[in-house]
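The values are calculated or read from the model by the stated rules, or taken from the named source; none is laboratory data. Small disclaimer: the values here were computed from a predicted structure and weren't measured. We place every Cβ from the backbone using ideal geometry, glycine too, and count neighbours over all the protein chains shown. Surface accessibility is based on the protein's heavy atoms, side chains included, excluding ligands, DNA and RNA. Shrake-Rupley method; radii C 1.70, N 1.55, O 1.52, S 1.80 Å.
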Amino acid sequence: MADPAAIFKAYDVRGLVPDQLDEATASAIGDAFVREVAGETRPSSVVVGHDMRPTSPGLAGAFADGARAAGADVTDIGLVSTDELYFASGQFGMAGAMVTASHNPADYNGIKLCRAGAVAIGLDSGLAAIRDRVATALVESAASRQVRLGQSTPVTVRRGGIQQLDVLPAYAKHLRRLVPVTGRRLKVVVDAANGMAGHTVPAVLAGLDVELVPLYFELDGTFPHHEANPLDAANLRDLQAAVMRNSADLGLAFDGDADRCFAVDERGKSVSPSALTGLIAARELAREPGAAVVHNLITSRAVPELVRRLGGVPVRTRVGHSFIKAVMAQQDAVFGGEHSGHFYFRDFWYADSGMLAALHLLAALAEDTRPASQVVAEFDPYVASGEVNSVVDRSEPVLADLEAAYVARPETELDFLDGLTVTASRWWFNVRPSNTEPLLRLNVEADDSATMESVRDEVLAMIRRGR
(Lines give C-alpha, C1' and ligand atoms only; values in the text may rest on other atoms or scores of the structure.)
Protein backbone atom coordinates (compact mmCIF):
# COMPACT_ATOMS: atom_id res chain seq x y z
CA MET A 1 0.00 0.00 0.00
CA ALA A 2 1.29 3.47 -0.90
CA ASP A 3 2.44 5.70 1.93
CA PRO A 4 0.99 9.21 1.45
CA ALA A 5 3.55 10.68 3.84
CA ALA A 6 6.31 9.67 1.40
CA ILE A 7 4.77 11.18 -1.73
CA PHE A 8 3.12 14.39 -0.48
CA LYS A 9 5.88 16.99 -0.74
CA ALA A 10 5.89 20.67 0.19
CA TYR A 11 4.16 21.77 -3.02
CA ASP A 12 2.89 18.67 -4.84
CA VAL A 13 2.69 14.88 -4.97
CA ARG A 14 5.77 13.08 -6.30
CA GLY A 15 6.99 9.47 -6.19
CA LEU A 16 8.14 6.31 -7.95
CA VAL A 17 5.53 4.54 -10.08
CA PRO A 18 4.02 2.14 -9.16
CA ASP A 19 5.80 1.48 -5.86
CA GLN A 20 4.93 4.83 -4.28
CA LEU A 21 2.26 6.21 -6.61
CA ASP A 22 -0.23 3.94 -8.39
CA GLU A 23 -3.66 4.38 -9.94
CA ALA A 24 -5.52 3.44 -6.75
CA THR A 25 -3.66 6.18 -4.90
CA ALA A 26 -4.29 8.66 -7.72
CA SER A 27 -8.01 7.87 -7.52
CA ALA A 28 -7.98 8.43 -3.75
CA ILE A 29 -6.18 11.75 -4.29
CA GLY A 30 -8.83 12.79 -6.81
CA ASP A 31 -11.58 12.05 -4.34
CA ALA A 32 -9.83 13.78 -1.44
CA PHE A 33 -9.01 16.80 -3.61
CA VAL A 34 -12.67 17.32 -4.48
CA ARG A 35 -13.83 16.96 -0.91
CA GLU A 36 -11.15 19.28 0.47
CA VAL A 37 -10.73 21.87 -2.28
CA ALA A 38 -12.70 21.53 -5.49
CA GLY A 39 -16.00 21.57 -3.64
CA GLU A 40 -15.39 25.26 -2.93
CA THR A 41 -16.89 25.95 -6.38
CA ARG A 42 -20.51 25.22 -7.23
CA PRO A 43 -21.03 22.97 -9.00
CA SER A 44 -17.85 21.09 -8.12
CA SER A 45 -15.62 21.03 -11.18
CA VAL A 46 -12.04 19.99 -11.88
CA VAL A 47 -9.84 20.40 -14.94
CA VAL A 48 -7.34 17.56 -15.37
CA GLY A 49 -4.30 17.42 -17.65
CA HIS A 50 -1.20 15.27 -17.97
CA ASP A 51 2.29 15.22 -19.46
CA MET A 52 3.90 12.74 -21.87
CA ARG A 53 5.21 10.16 -19.37
CA PRO A 54 4.02 6.61 -20.15
CA THR A 55 2.23 6.35 -16.79
CA SER A 56 0.56 9.78 -16.99
CA PRO A 57 -2.63 8.92 -18.93
CA GLY A 58 -3.48 6.08 -16.53
CA LEU A 59 -2.83 8.19 -13.44
CA ALA A 60 -4.81 11.11 -14.87
CA GLY A 61 -7.72 8.81 -15.69
CA ALA A 62 -7.65 7.35 -12.18
CA PHE A 63 -7.53 10.83 -10.62
CA ALA A 64 -10.49 11.91 -12.77
CA ASP A 65 -12.41 8.78 -11.76
CA GLY A 66 -11.86 9.53 -8.08
CA ALA A 67 -12.91 13.15 -8.56
CA ARG A 68 -16.07 12.09 -10.39
CA ALA A 69 -16.87 9.54 -7.67
CA ALA A 70 -16.78 12.44 -5.20
CA GLY A 71 -19.32 14.32 -7.33
CA ALA A 72 -17.16 16.66 -9.40
CA ASP A 73 -17.58 17.26 -13.11
CA VAL A 74 -14.25 16.77 -14.88
CA THR A 75 -12.92 18.62 -17.90
CA ASP A 76 -10.17 16.45 -19.38
CA ILE A 77 -7.72 18.61 -21.39
CA GLY A 78 -5.35 15.73 -22.16
CA LEU A 79 -1.71 16.34 -23.05
CA VAL A 80 -0.73 19.79 -21.73
CA SER A 81 2.11 21.71 -20.15
CA THR A 82 1.66 22.71 -16.53
CA ASP A 83 1.16 26.37 -17.41
CA GLU A 84 -1.47 25.27 -19.94
CA LEU A 85 -3.28 23.59 -17.03
CA TYR A 86 -3.00 26.83 -15.05
CA PHE A 87 -4.46 28.69 -18.03
CA ALA A 88 -7.47 26.37 -18.05
CA SER A 89 -7.91 26.66 -14.28
CA GLY A 90 -7.82 30.45 -14.49
CA GLN A 91 -9.88 30.80 -17.64
CA PHE A 92 -12.65 28.41 -16.56
CA GLY A 93 -12.58 29.11 -12.81
CA MET A 94 -11.98 25.44 -11.98
CA ALA A 95 -9.73 23.67 -9.53
CA GLY A 96 -6.97 21.89 -11.41
CA ALA A 97 -4.79 18.79 -11.38
CA MET A 98 -1.72 18.24 -13.55
CA VAL A 99 -0.22 14.76 -13.64
CA THR A 100 3.53 15.27 -14.04
CA ALA A 101 6.84 14.71 -12.31
CA SER A 102 8.31 17.79 -13.98
CA HIS A 103 12.08 17.29 -14.34
CA ASN A 104 12.34 14.00 -12.41
CA PRO A 105 13.58 10.80 -14.13
CA ALA A 106 11.22 8.61 -16.13
CA ASP A 107 10.33 6.21 -13.31
CA TYR A 108 8.76 9.05 -11.29
CA ASN A 109 5.40 10.71 -11.62
CA GLY A 110 3.30 13.09 -9.57
CA ILE A 111 0.36 15.48 -9.36
CA LYS A 112 0.37 19.27 -9.10
CA LEU A 113 -2.83 20.70 -7.65
CA CYS A 114 -4.38 24.15 -7.61
CA ARG A 115 -7.58 25.83 -6.55
CA ALA A 116 -9.84 27.60 -9.02
CA GLY A 117 -8.02 30.52 -10.63
CA ALA A 118 -4.69 28.62 -10.53
CA VAL A 119 -4.25 29.39 -6.81
CA ALA A 120 -1.35 27.34 -5.47
CA ILE A 121 -1.80 24.59 -2.90
CA GLY A 122 1.01 23.62 -0.53
CA LEU A 123 1.20 21.55 2.64
CA ASP A 124 0.16 24.53 4.74
CA SER A 125 -2.69 25.54 2.42
CA GLY A 126 -4.65 22.35 1.84
CA LEU A 127 -2.21 19.69 0.67
CA ALA A 128 -1.68 18.24 4.17
CA ALA A 129 -5.44 17.88 4.63
CA ILE A 130 -5.70 16.09 1.26
CA ARG A 131 -2.83 13.80 2.31
CA ASP A 132 -4.62 12.88 5.53
CA ARG A 133 -7.85 12.12 3.69
CA VAL A 134 -5.93 9.89 1.27
CA ALA A 135 -4.26 8.03 4.14
CA THR A 136 -7.65 7.33 5.71
CA ALA A 137 -9.14 6.19 2.40
CA LEU A 138 -6.26 3.85 1.62
CA VAL A 139 -6.37 2.24 5.07
CA GLU A 140 -10.11 1.70 4.76
CA SER A 141 -9.65 0.33 1.25
CA ALA A 142 -7.09 -2.19 2.45
CA ALA A 143 -9.39 -3.27 5.25
CA SER A 144 -12.63 -3.48 3.30
CA ARG A 145 -11.46 -3.89 -0.31
CA GLN A 146 -13.49 -0.84 -1.23
CA VAL A 147 -12.55 2.82 -1.05
CA ARG A 148 -14.85 4.44 1.48
CA LEU A 149 -13.86 7.89 0.20
CA GLY A 150 -12.70 9.13 3.60
CA GLN A 151 -16.22 9.07 5.07
CA SER A 152 -17.13 7.58 8.44
CA THR A 153 -20.47 6.34 7.07
CA PRO A 154 -21.54 5.49 3.50
CA VAL A 155 -22.94 8.48 1.65
CA THR A 156 -24.67 8.49 -1.72
CA VAL A 157 -22.94 11.02 -3.95
CA ARG A 158 -23.94 12.08 -7.47
CA ARG A 159 -21.27 10.85 -9.87
CA GLY A 160 -19.79 13.70 -11.90
CA GLY A 161 -19.65 13.84 -15.66
CA ILE A 162 -16.64 14.20 -17.93
CA GLN A 163 -15.87 16.10 -21.13
CA GLN A 164 -12.78 16.40 -23.32
CA LEU A 165 -11.48 19.79 -24.40
CA ASP A 166 -8.45 21.02 -26.39
CA VAL A 167 -7.25 24.31 -24.86
CA LEU A 168 -3.98 24.66 -26.80
CA PRO A 169 -5.24 27.19 -29.40
CA ALA A 170 -6.80 29.44 -26.73
CA TYR A 171 -3.71 29.14 -24.51
CA ALA A 172 -1.36 30.10 -27.35
CA LYS A 173 -3.53 33.06 -28.38
CA HIS A 174 -3.69 34.28 -24.76
CA LEU A 175 0.09 34.23 -24.35
CA ARG A 176 0.71 36.04 -27.63
CA ARG A 177 -1.78 38.70 -26.61
CA LEU A 178 0.00 39.22 -23.27
CA VAL A 179 3.47 39.52 -24.84
CA PRO A 180 3.50 40.55 -28.52
CA VAL A 181 6.78 39.87 -30.32
CA THR A 182 7.54 42.43 -33.03
CA GLY A 183 10.71 43.74 -34.65
CA ARG A 184 13.62 41.94 -36.25
CA ARG A 185 13.47 38.30 -37.30
CA LEU A 186 15.07 35.89 -34.82
CA LYS A 187 16.56 32.44 -35.20
CA VAL A 188 15.89 30.42 -32.06
CA VAL A 189 16.88 26.90 -31.06
CA VAL A 190 14.49 25.29 -28.57
CA ASP A 191 15.39 22.13 -26.64
CA ALA A 192 12.14 20.55 -25.46
CA ALA A 193 13.99 17.57 -23.89
CA ASN A 194 11.20 15.31 -25.26
CA GLY A 195 8.87 17.11 -22.85
CA MET A 196 5.71 19.15 -23.18
CA ALA A 197 7.43 22.16 -24.79
CA GLY A 198 7.47 20.02 -27.93
CA HIS A 199 3.68 20.30 -27.83
CA THR A 200 3.26 23.95 -26.84
CA VAL A 201 6.16 25.82 -28.49
CA PRO A 202 5.07 25.27 -32.13
CA ALA A 203 1.57 26.50 -31.30
CA VAL A 204 2.72 29.58 -29.37
CA LEU A 205 5.37 30.65 -31.90
CA ALA A 206 3.12 30.05 -34.91
CA GLY A 207 2.73 33.28 -36.86
CA LEU A 208 5.65 35.04 -35.15
CA ASP A 209 8.66 36.19 -37.18
CA VAL A 210 10.83 33.48 -35.62
CA GLU A 211 12.84 30.80 -37.39
CA LEU A 212 12.47 27.84 -35.04
CA VAL A 213 15.17 25.16 -34.84
CA PRO A 214 13.56 22.31 -32.86
CA LEU A 215 15.61 19.99 -30.68
CA TYR A 216 14.02 16.84 -29.19
CA PHE A 217 10.40 17.86 -29.82
CA GLU A 218 9.18 14.25 -29.96
CA LEU A 219 7.05 13.60 -26.85
CA ASP A 220 8.78 10.78 -25.00
CA GLY A 221 8.57 10.41 -21.24
CA THR A 222 11.54 8.04 -21.17
CA PHE A 223 13.78 11.04 -22.03
CA PRO A 224 16.05 9.24 -24.54
CA HIS A 225 18.42 12.19 -25.13
CA HIS A 226 18.92 13.77 -21.71
CA GLU A 227 17.02 14.52 -18.51
CA ALA A 228 14.41 17.26 -18.76
CA ASN A 229 16.14 19.34 -16.09
CA PRO A 230 17.81 22.43 -17.56
CA LEU A 231 18.99 23.53 -14.12
CA ASP A 232 21.73 20.89 -14.55
CA ALA A 233 24.36 22.38 -16.88
CA ALA A 234 25.00 18.97 -18.45
CA ASN A 235 21.51 19.02 -19.94
CA LEU A 236 22.20 22.30 -21.78
CA ARG A 237 25.17 21.03 -23.79
CA ASP A 238 23.17 19.91 -26.81
CA LEU A 239 21.34 23.24 -26.90
CA GLN A 240 24.57 25.22 -26.62
CA ALA A 241 26.13 23.25 -29.45
CA ALA A 242 23.03 23.67 -31.63
CA VAL A 243 22.96 27.45 -31.07
CA MET A 244 26.58 27.72 -32.22
CA ARG A 245 26.13 25.28 -35.11
CA ASN A 246 23.08 27.15 -36.44
CA SER A 247 24.40 30.69 -35.74
CA ALA A 248 21.19 31.27 -33.79
CA ASP A 249 20.25 34.43 -31.89
CA LEU A 250 19.12 32.50 -28.82
CA GLY A 251 18.58 29.08 -27.30
CA LEU A 252 15.69 28.15 -25.02
CA ALA A 253 15.39 25.07 -22.80
CA PHE A 254 12.32 23.83 -20.93
CA ASP A 255 11.86 21.20 -18.26
CA GLY A 256 9.57 18.19 -18.65
CA ASP A 257 6.26 19.93 -17.96
CA ALA A 258 7.48 23.18 -19.56
CA ASP A 259 6.71 25.46 -16.64
CA ARG A 260 10.38 26.50 -16.32
CA CYS A 261 12.43 28.27 -18.97
CA PHE A 262 16.21 28.64 -19.31
CA ALA A 263 18.16 30.45 -22.01
CA VAL A 264 21.59 30.51 -23.64
CA ASP A 265 22.87 33.47 -25.63
CA GLU A 266 24.27 33.56 -29.18
CA ARG A 267 27.67 32.43 -27.84
CA GLY A 268 26.17 29.36 -26.21
CA LYS A 269 26.64 30.84 -22.73
CA SER A 270 23.93 30.25 -20.12
CA VAL A 271 21.79 33.23 -19.18
CA SER A 272 21.32 33.53 -15.44
CA PRO A 273 17.66 33.08 -14.41
CA SER A 274 18.21 36.12 -12.18
CA ALA A 275 19.23 38.14 -15.25
CA LEU A 276 16.07 37.00 -17.00
CA THR A 277 14.10 37.99 -13.89
CA GLY A 278 15.65 41.46 -14.09
CA LEU A 279 14.93 41.80 -17.80
CA ILE A 280 11.26 40.84 -17.39
CA ALA A 281 10.91 43.05 -14.29
CA ALA A 282 12.20 46.03 -16.28
CA ARG A 283 9.70 45.35 -19.07
CA GLU A 284 6.78 44.97 -16.66
CA LEU A 285 7.73 48.10 -14.70
CA ALA A 286 7.89 50.06 -17.94
CA ARG A 287 4.31 48.99 -18.52
CA GLU A 288 3.23 49.64 -14.92
CA PRO A 289 5.53 52.08 -13.09
CA GLY A 290 5.69 51.74 -9.32
CA ALA A 291 4.41 48.16 -9.24
CA ALA A 292 5.64 45.49 -6.84
CA VAL A 293 8.00 42.76 -8.09
CA VAL A 294 8.51 39.59 -6.05
CA HIS A 295 11.80 37.68 -5.92
CA ASN A 296 12.95 34.83 -3.72
CA LEU A 297 15.89 35.23 -1.39
CA ILE A 298 18.42 33.36 -3.57
CA THR A 299 17.77 35.61 -6.57
CA SER A 300 20.64 37.97 -7.38
CA ARG A 301 20.67 41.23 -5.42
CA ALA A 302 20.81 42.89 -8.85
CA VAL A 303 17.05 42.28 -9.10
CA PRO A 304 15.89 44.34 -6.07
CA GLU A 305 18.50 46.99 -6.93
CA LEU A 306 17.07 47.26 -10.45
CA VAL A 307 13.47 47.33 -9.24
CA ARG A 308 14.22 50.19 -6.82
CA ARG A 309 16.15 52.08 -9.49
CA LEU A 310 13.16 51.85 -11.83
CA GLY A 311 10.76 53.05 -9.15
CA GLY A 312 9.21 49.70 -8.34
CA VAL A 313 8.81 47.92 -5.00
CA PRO A 314 10.92 44.76 -4.54
CA VAL A 315 9.39 42.12 -2.27
CA ARG A 316 11.60 39.30 -0.95
CA THR A 317 10.13 35.84 -0.21
CA ARG A 318 11.07 32.31 0.76
CA VAL A 319 11.94 29.78 -1.94
CA GLY A 320 8.93 27.90 -3.32
CA HIS A 321 6.12 28.60 -5.74
CA SER A 322 3.29 28.49 -3.20
CA PHE A 323 5.02 31.24 -1.18
CA ILE A 324 5.71 33.39 -4.24
CA LYS A 325 2.16 33.07 -5.55
CA ALA A 326 0.65 33.93 -2.18
CA VAL A 327 2.87 36.99 -1.71
CA MET A 328 2.20 38.13 -5.27
CA ALA A 329 -1.52 38.05 -4.63
CA GLN A 330 -1.15 39.87 -1.30
CA GLN A 331 1.04 42.58 -2.86
CA ASP A 332 -0.79 42.68 -6.20
CA ALA A 333 2.67 42.27 -7.71
CA VAL A 334 2.96 42.56 -11.47
CA PHE A 335 5.70 39.91 -11.73
CA GLY A 336 7.70 37.43 -9.72
CA GLY A 337 10.88 35.50 -10.44
CA GLU A 338 12.84 32.64 -8.91
CA HIS A 339 16.45 31.77 -9.60
CA SER A 340 15.27 28.20 -10.29
CA GLY A 341 13.72 29.32 -13.58
CA HIS A 342 10.11 29.85 -12.46
CA PHE A 343 8.53 33.13 -13.56
CA TYR A 344 5.13 34.37 -12.34
CA PHE A 345 2.76 36.89 -13.89
CA ARG A 346 -0.18 38.79 -12.44
CA ASP A 347 -1.87 38.73 -15.85
CA PHE A 348 -1.58 34.93 -15.77
CA TRP A 349 -3.46 34.48 -12.48
CA TYR A 350 -0.18 34.95 -10.55
CA ALA A 351 0.89 31.55 -11.90
CA ASP A 352 4.22 30.59 -13.43
CA SER A 353 4.74 30.17 -17.14
CA GLY A 354 8.04 29.31 -18.80
CA MET A 355 6.53 30.13 -22.17
CA LEU A 356 5.54 33.67 -21.11
CA ALA A 357 9.08 34.25 -19.85
CA ALA A 358 10.44 33.02 -23.19
CA LEU A 359 8.15 35.42 -25.07
CA HIS A 360 9.42 38.34 -22.96
CA LEU A 361 13.00 37.48 -23.87
CA LEU A 362 12.13 37.07 -27.55
CA ALA A 363 10.28 40.40 -27.52
CA ALA A 364 13.23 42.17 -25.88
CA LEU A 365 15.65 40.79 -28.49
CA ALA A 366 13.34 41.52 -31.43
CA GLU A 367 13.07 45.15 -30.30
CA ASP A 368 16.86 45.53 -29.96
CA THR A 369 19.67 45.42 -32.50
CA ARG A 370 22.23 44.07 -30.02
CA PRO A 371 22.95 40.34 -29.55
CA ALA A 372 21.45 38.49 -26.60
CA SER A 373 24.72 38.52 -24.63
CA GLN A 374 24.76 42.33 -24.60
CA VAL A 375 21.04 42.66 -23.91
CA VAL A 376 21.22 40.51 -20.74
CA ALA A 377 24.65 41.73 -19.53
CA GLU A 378 23.24 44.79 -17.77
CA PHE A 379 21.04 42.52 -15.62
CA ASP A 380 23.91 40.26 -14.50
CA PRO A 381 26.59 42.36 -12.74
CA TYR A 382 27.60 39.93 -9.97
CA VAL A 383 29.24 36.50 -9.68
CA ALA A 384 27.20 33.59 -8.30
CA SER A 385 28.19 30.13 -7.12
CA GLY A 386 25.10 28.34 -8.30
CA GLU A 387 23.42 26.02 -5.83
CA VAL A 388 25.88 23.72 -4.02
CA ASN A 389 24.31 20.80 -2.14
CA SER A 390 25.80 18.99 0.85
CA VAL A 391 24.40 15.82 2.43
CA VAL A 392 23.84 16.26 6.18
CA ASP A 393 22.38 14.02 8.87
CA ARG A 394 20.71 16.93 10.67
CA SER A 395 20.55 20.47 9.37
CA GLU A 396 19.77 22.27 12.65
CA PRO A 397 23.18 21.90 14.36
CA VAL A 398 25.01 22.94 11.19
CA LEU A 399 22.86 26.04 10.79
CA ALA A 400 23.37 26.87 14.47
CA ASP A 401 27.16 26.62 14.06
CA LEU A 402 27.05 28.89 11.00
CA GLU A 403 24.93 31.42 12.85
CA ALA A 404 27.36 31.48 15.78
CA ALA A 405 30.32 31.93 13.44
CA TYR A 406 28.88 34.87 11.52
CA VAL A 407 26.82 36.70 14.15
CA ALA A 408 30.09 37.71 15.83
CA ARG A 409 31.36 39.48 12.72
CA PRO A 410 30.51 43.19 12.83
CA GLU A 411 30.34 43.56 9.04
CA THR A 412 27.56 40.98 8.57
CA GLU A 413 23.78 40.98 8.92
CA LEU A 414 21.81 37.77 9.49
CA ASP A 415 18.21 36.87 8.73
CA PHE A 416 16.19 33.66 8.93
CA LEU A 417 13.43 34.04 6.38
CA ASP A 418 14.41 30.71 4.81
CA GLY A 419 17.32 28.93 6.45
CA LEU A 420 20.17 31.36 7.19
CA THR A 421 21.14 34.35 5.06
CA VAL A 422 24.33 36.27 5.85
CA THR A 423 24.90 39.59 4.07
CA ALA A 424 28.02 41.78 3.89
CA SER A 425 28.83 44.80 1.75
CA ARG A 426 30.43 42.81 -1.11
CA TRP A 427 28.83 39.36 -0.76
CA TRP A 428 25.98 37.33 0.66
CA PHE A 429 25.17 33.67 1.12
CA ASN A 430 22.11 31.62 1.98
CA VAL A 431 22.05 28.11 3.45
CA ARG A 432 18.69 26.38 3.67
CA PRO A 433 17.49 22.78 4.17
CA SER A 434 15.91 20.88 1.32
CA ASN A 435 12.20 20.19 1.70
CA THR A 436 12.54 16.68 0.32
CA GLU A 437 16.09 15.40 0.88
CA PRO A 438 18.73 15.34 3.68
CA LEU A 439 20.57 18.25 2.06
CA LEU A 440 21.71 21.74 2.86
CA ARG A 441 21.64 24.04 -0.17
CA LEU A 442 24.23 26.83 -0.39
CA ASN A 443 24.04 29.87 -2.68
CA VAL A 444 26.73 32.57 -2.69
CA GLU A 445 26.96 35.83 -4.63
CA ALA A 446 29.73 38.43 -4.62
CA ASP A 447 31.11 41.41 -6.48
CA ASP A 448 33.88 39.33 -8.07
CA SER A 449 34.96 35.72 -8.60
CA ALA A 450 37.74 35.72 -6.00
CA THR A 451 35.43 36.94 -3.23
CA MET A 452 32.67 34.52 -4.21
CA GLU A 453 35.04 31.55 -4.21
CA SER A 454 36.54 32.54 -0.85
CA VAL A 455 33.12 32.84 0.84
CA ARG A 456 31.83 29.67 -0.83
CA ASP A 457 34.81 27.59 0.26
CA GLU A 458 34.74 28.93 3.81
CA VAL A 459 31.03 28.17 4.27
CA LEU A 460 31.29 24.75 2.62
CA ALA A 461 34.14 23.80 4.92
CA MET A 462 32.01 24.65 7.95
CA ILE A 463 28.99 22.76 6.58
CA ARG A 464 30.94 19.64 5.76
CA ARG A 465 32.90 19.71 8.99
CA GLY A 466 29.65 19.77 10.98
CA ARG A 467 27.65 17.19 9.10
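Structure notes:
- In whole angstrom, the range 61-218 maps to an equivalent ellipsoid with semi-axes of 37, 17, 13, each derived as √(5λ) from the alpha carbon gyration tensor and ordered largest first.
- Point-charge dipole on Cβ atoms (K/R +1, D/E -1) for the chain, about Cα centre, debye to 20: 760 debye
- For the pair LYS9 and ALA206, label points projected 7 Å from Cα toward Cβ lie 3.2 nm apart.
- Mean separation of Cα contacts under 8 Å (6+ apart) over length of the chain, as relative contact order %: 13 percent
- Residues whose placed amide H lies under 5 Å from that of GLY256, excluding near-sequence neighbours: HIS103
- Rounded to 10°, Cα long-axis angle of helix 127-144 versus longest principal axis of the chain: 30 degrees
- Among the protein heavy atoms, those of ASP418 account for about 20 Å² of accessible surface (1.4 Å probe, every chain in place).
- Given charges at beta-carbon only (K, R positive; D, E negative), |dipole| of the range 176-257 in Debye: 480 debye
- Cα long-axis angle, helix 354-366 against the chain (0 to 90 degrees, to the nearest 10): 30 degrees
- Calculated FRET value between ALA461 and ARG177, using beta carbons and R₀ = 45 Å, to 0.05: 0.30
- Projected-area mean, the range 213-260, by convex hull of Cα positions, square nanometres: 3.4 nm²
- Using C-alpha pairs below 8 Å separated by at least 6 residues, the relative contact order for the range 310-467 is 18 percent.
- Where labels lie 7 Å past Cα in the beta-carbon direction, separation of GLU305 and LEU414 in nm: 2.6 nm
- P(r) of the range 12-100 over all Cα-Cα pairs, binned every 10 Å from zero, in whole percent: 20, 54, 25, 1
- Helix 56-69 axis, angle to the chain major axis (alpha carbon atoms, nearest 10°): 50 degrees
- The range 1-79: relative contact order in percent, alpha carbon pairs under 8 Å with at least 6 residues between: 33 percent
- Efficiency of FRET from Cβ geometry, ASP132 and THR369, R₀ 45 Å, rounded to 0.05: 0.20
- Cα-based convex hull volume of the range 279-376 per residue, rounded to whole Å³: 92 Å³
- Non-local Lys pairs in the chain, i.e. 8 or more apart or on different chains, that have alpha carbons under 20 Å apart: 4
- Tensor-based shape of the range 61-105 (alpha-carbon gyration tensor, a/c under 1.5 rounded, otherwise prolate or oblate): oblate
- Interatomic Cα distance distribution for the chain, bins of 10 angstrom, percent: 4, 20, 29, 26, 15, 5, 1
- Computed on the Cα trace of the range 198-290, the radius of gyration divided by the Kirkwood hydrodynamic radius gives Rg/Rh = 0.99.
- For the range 364-467, pairs of C-alpha atoms spaced more than 25 angstrom apart make up 29 percent of the total.
- Calculated [222 nm] ellipticity per residue, helices only, for the chain: -11500 deg cm²/dmol; basis is -39500 (n - 2.57) per DSSP H run with n ≥ 4, divided by all residues, nearest 500.
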